[in-house]
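Participant: Below you will find the structure I want to go over with you.
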Amino acid sequence: MKKTVKAASLFLAASLLLCLCITGCTDEKIQQGGGTLPDYDVKEEELAVSIAGWIAPDTIGTEEQMRLVKDAGIDTLFLGAAGEGTYIPNVSSPTSEDLSVYALMEEYGMRTYLNTSGSIGGFAQIGRYADFDSVAGLSFDEPNKSEIGQIAAQVSSFNQSGEGKDFYVNLFPSFSSEVQADFGVGHYREYLRYYCDNVLEKLTVGEKWLSADRYPLTFDGQGNPALDVGWLQDVEAVAEVAREYEGIKTNFFIQTMPYGGQSLPAGVQGSRARVPSYEDIRMQEYSLLAFGYDGISLFCYMTPAVGVEFTEEQLAMLDRSGEPTQIYYDARKANREVLAFDHVYVQFEWQGVFTNDGGTTTADGDRNRTQNSSFSNLIGRMDLAEIAFIDSVTTSEDTLFGYFMDGADNEAVLAVNYNETTLGLKDTVTLRFDPAYGYTKALCYVGGEKVTYDLTDNSLTFTLGAGEGVFAIPY
């Protein structure tokens, strides 16, 4: 992690500059305050956060359905293993219908991962797809330790015939009985590292993705809507473990439908039978961005068949006839916000996160104290003293911050109103910057719109709606 440490004193200008140089901020950086930023928009067409949808309708091979996917801001679809009403390709021997779907996806600039339907040996089929640009690779969902060993045995042959395709595996959340049985309670990162060491470190073709799932929308003991206090902990674990290795991209599946209603009905603690709102979806997406994520996957795009996990009433972005639901429009709105500035965000390297309960924290305060259970579960939260350009943070509600730096050492923060969205809390955030940096303005992305604010008394103030995030670059 690249960190900067706040200078202990401002008594002498020379000593200040010396301290800043020692901690990684150059004299030139200080002199750039109030200057100009790079033209981040020149890379708008080449840089992006990937937004994927888990499973597609069986009518995905039509122009109408492809337009719905594209319009929702989704660039990648997972195909297969979901039952009646969903499209399940023949991975081992593509049919003429499969080939038509892949061709249409290529026409629309879409990608797909073909799910191996629980067959680890299915990765051996990758050679069949060398000529299909829309097929990004093959995927497998939620392996335990033994299955990771079996997956690892497929890597060598995949490297030989993969033709640049991706070997994509999505991992369990920390609370799964399989993870706890294999690695013990509280050792989730060892599970993630086991996969990285045995699979990703051996891959020589395609992109290396570390992906996992967990869903935050639940209920408390009184049946009130609440956030799963372990969700951010898993998000952090994937982000921090990925950073321990070279060239690994991160993805997390977020909740875009209610599920599990047969075993845990709505209103029961632990149930995920909540219908996600626009505010819920954008809070999840902005939170992932605060941890530097490269990909966001939507669970689900198409509603799976009725079964153990899903009741007749529980619908995703598309219902079981392939028609858009309100969740589709809410997810589309959230996705468009992210895609409006993702090319800027991607040009910054993630440094870490810090948090603030409602109130003020100064650089010499104790950052690690929090009453927010989601925040207290984070083991890598930064102290504000580690972030040189910020003197203090004031928020009216609990706030999650991602800290970033671009290649020219311009620094940025992504602030997220991280509270139960049904409470409708508005969060007024004030960032007071170190005067030595000479900042006079801040380039911000609010609701996806680019806005430039003048600073007042070296401070930037903005208000976040429920679940909202703002990306701010002072200069």
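Participant: Over region 385-425, with every protein chain in place, what whole percent of the accessible area is carbon and sulfur at 1.4 Å, could you tell me?
Facilitator: Working: 480 of 920 Å².
Carbon and sulfur: 52 percent of the exposed surface of region 385-425.
Participant: For region 76-115, max minus min Cα coordinate along each principal axis, in Å, sorted largest first?
Facilitator: Largest first, region 76-115 extends 26, 20, 17 Å along its Cα principal axes.
Participant: Efficiency by 1/(1 + (r/R0)^6): what FRET value for residue 376 and residue 119, r their Cβ-Cβ distance, R0 = 35 Å, to the nearest 0.05? Don't jump to the answer; show the numbers that get you there.
Facilitator: Values: r = 41 Å, r/R0 = 1.18.
Once the sixth-power term is evaluated, E becomes 0.30.
Participant: Between the DSSP loop rule and a limit of at most 16 other Cβ atoms within 10 Å, which chymotrypsin sites (Phe, Trp or Tyr not before Pro) in region 53-147 are left?
Facilitator: Values: sites: 54, 78, 87, 102, 108, 113, 123, 129, 132, 140; in loops: 87, 108, 132.
Counting only loop positions with at most 16 other Cβ atoms within 10 Å, the chymotrypsin sites (Phe, Trp or Tyr not before Pro) in region 53-147 are 108.
Participant: Which parts of region 203-234 would a label at residue 185 reach, counting a residue when its backbone N lies under 12 Å from a point 7 Å out along Cα-to-Cβ?
Facilitator: Counting only backbone N, you get no residues.
Participant: Among the trypsin sites (Lys or Arg not before Pro) within region 58-112, which fall in a DSSP loop and have no more than 12 other Cβ atoms within 10 Å of their own Cβ?
Facilitator: On the way: sites: 67, 70, 111; in loops: none.
Listed in order of number, the matching sites amount to none.
Participant: Let me ask something else. Using all Cα-Cα distances in region 333-400, what percent lands in each 5 angstrom bin from 0 up to the longest?
Facilitator: With a bin width of 5 Å, the distribution comes to 3, 15, 22, 19, 16, 16, 8, 1.
Participant: Tell me, what is the percent relative contact order of the chain, built from C-alpha pairs under 8 Å that lie six or more residues apart? All intermediate terms of the calculation are to be shown ahead of the outcome.
Facilitator: Numbers: 1076 pairs, mean separation 71.1, N = 475.
Once normalised by length, the contact order is 15 percent.
Participant: Among 316, 138, 363, pick out the residue whose Cα is farthest towards the positive end of the charge dipole of the chain, where Lys and Arg carry +1 and Asp and Glu carry -1 on C-beta, about the Cα centre.
Facilitator: Checking the options against the dipole of the chain, the answer is 363.
Participant: Using amide H atoms built in the peptide plane, which far-off residues or other-chain residues are under 5 Å from residue 77 H to H?
Facilitator: Those lying under 5 Å, H to H, from residue 77 are 53, 111, 112, 113.
Participant: Separation between the residue 249 and residue 90 pseudo-spin-labels, each 7 Å from Cα along Cα→Cβ, expressed in nm?
Facilitator: Modelled inter-label distance: 3.0 nm.
Participant: Now for a separate question. Within 10 Å of each candidate Cβ there may be at most 12 other Cβ atoms; applying that plus a DSSP loop requirement, which GluC sites (Glu not before Pro) in region 51-104 survive?
Facilitator: On the way: sites: 63, 64, 84, 97; in loops: 84.
Passing sites in region 51-104 are 84.
Participant: If I fit a long axis through the Cα atoms of helix 96-107 and take the longest principal axis of the Cα atoms of the chain, what angle between them do I get, 0 to 90°, rounded to 10?
Facilitator: For helix 96-107, the angle is close to 20 degrees.
Participant: Moving on. Treating only the Cβ of Lys, Arg, Asp and Glu as charged (+1, +1, -1, -1), what charge dipole size does the chain show about its Cα centre? Round to the nearest 20 debye. Show your work: numbers first, answer last.
Facilitator: On the way: 32 positive and 69 negative charges, 142 e Å.
With Lys and Arg at +1 and Asp and Glu at -1, about 680 debye.
Participant: Another question, if that's okay. Given just the C-alpha atoms of region 55-96, how large is their convex hull per residue in cubic angstrom? Walk me through the intermediate numbers first.
Facilitator: Numbers: hull volume 3.3 nm³, N = 42.
Looking at region 55-96, the number lands at 79 Å³ per residue.
Participant: For region 366-456, compute Rg over Rh where Rg is the Cα radius of gyration and Rh is the Kirkwood radius from the inverse mean 1/r over Cα pairs.
Facilitator: Expressed as Rg/Rh, it is 0.96.
Participant: For the chain, what is the accessible area per residue in Å², given a 1.4 Å probe and the full set of protein chains? Write out the running numbers ahead of the final one.
Facilitator: Working: 18290 Å² over 475 residues.
I get 39 Å² per residue for the chain.
Participant: Once you treat every alpha carbon in region 231-305 as an equal point and sum by Debye, what is log10 I(q)/I(0) at q = 0.13, 0.16, 0.24 Å⁻¹?
Facilitator: Each listed q maps to, in turn, -0.46, -0.66, -1.11.
Participant: Once the Cα gyration tensor of region 39-132 is found, what semi-axes does its equivalent ellipsoid get, as square roots of 5 times the eigenvalues, in whole Å, sorted largest first? If you can, show how the numbers build up before the last one.
Facilitator: On the way: eigenvalues 122, 52, 33 Å².
The three semi-axes for region 39-132 are 25, 16, 13 Å.
Participant: Sort largest first and round to whole Å: the equivalent ellipsoid semi-axes of the chain, each the square root of five times a Cα gyration tensor eigenvalue. Spell out each step's value before the answer.
Facilitator: On the way: eigenvalues 299, 121, 97 Å².
So the three semi-axes of the chain are 39, 25, 22 Å.
Participant: Using Cα atoms only, what is the angle between the long axis of helix 278-290 and the major principal axis of the chain, expressed in degrees (0 to 90) to the nearest 10?
Facilitator: Compared with the principal axis, the helix lies near 70 degrees.
Participant: A further question follows. Which Cα, out of 329, 296, 100, lies furthest along the positive dipole direction of the chain (beta carbon charges, K/R +1, D/E -1)?
Facilitator: Final value for the positive-end residue is 296.
Participant: As a check on your grasp of the helix formula, calculate [θ] at 222 nm for the chain: sum -39500 (n - 2.57) over DSSP H runs of n ≥ 4, divide by the residue count, round to the nearest 500.
Facilitator: Details: 11 runs with 121 residues, N = 475.
After summing the helix terms and dividing by the residues of the chain, the value is -7500 deg cm²/dmol.
Participant: Leaving ligands, DNA and RNA out of it, report the carbon-plus-sulfur percent of the accessible area of region 68-150 at a 1.4 Å probe. Show your work: numbers first, answer last.
Facilitator: On the way: 1390 of 3180 Å².
The value for region 68-150 is 44 percent carbon and sulfur by accessible area.
Participant: Let me ask something additional. Tally up the carbon and sulfur contribution to the accessible surface of region 184-299 as a whole percent, 1.4 Å probe, everything protein left in place.
Facilitator: Working: 1730 of 3640 Å².
In region 184-299, the share of accessible area belonging to carbon and sulfur is 47 percent.
Participant: Would you please give the FRET efficiency between residue 463 and residue 409, computed as 1/(1 + (r/R0)^6) with r the Cβ-Cβ distance and R0 = 35 Å, to the nearest 0.05? Before the final figure, lay out the partial values.
Facilitator: Working: r = 29 Å, r/R0 = 0.82.
That pair, residue 463 with residue 409, gives E of 0.75.
Participant: To the nearest 20 Debye, how big is the dipole of region 324-475 about its Cα centre, given +1 on the beta carbon of each Lys and Arg and -1 on that of each Asp and Glu? The partial results should precede the final answer.
Facilitator: Numbers: 10 positive and 22 negative charges, 85 e Å.
Value, rounded to 20: 420 debye.
Participant: Please report the base-10 log of the normalised intensity I(q)/I(0) for region 157-221, using a Debye sum with one equal scatterer per alpha carbon and no solvent, at each q in 0.14, 0.15, 0.21 (1/Å).
Facilitator: Values, matching the q order: -0.52, -0.58, -0.88.
Participant: Toward the positive end of the charge dipole of the chain, about the Cα centre and with charges on Cβ (Lys, Arg +1; Asp, Glu -1), which of 424, 378, 157 goes farthest?
Facilitator: Farthest towards the positive pole: 378.
Participant: Compute the angle between helix 145-161 and the longest alpha-carbon principal axis of the chain, please, reported from 0 to 90 degrees and rounded to the nearest 10.
Facilitator: 80
Participant: What is the spin-label model distance, in nm, from residue 71 to residue 150 if the labels are put 7 Å beyond Cα along the C-beta direction?
Facilitator: If labels sit at residue 71 and residue 150, their model points lie 4.2 nm apart.
The values are calculated or read from the model by the stated rules, or taken from the named source; none is laboratory data. What you see is a predicted model; the values in this text were computed from it and never measured. Positions of Cβ are generated from backbone atoms using ideal geometry, with glycine treated the same way; all protein chains shown enter the neighbour counts. Quick note on the areas: whole protein, heavy atoms, side chains included, nothing else; ligands and nucleic acids left out. Shrake-Rupley method; radii C 1.70, N 1.55, O 1.52, S 1.80 Å.
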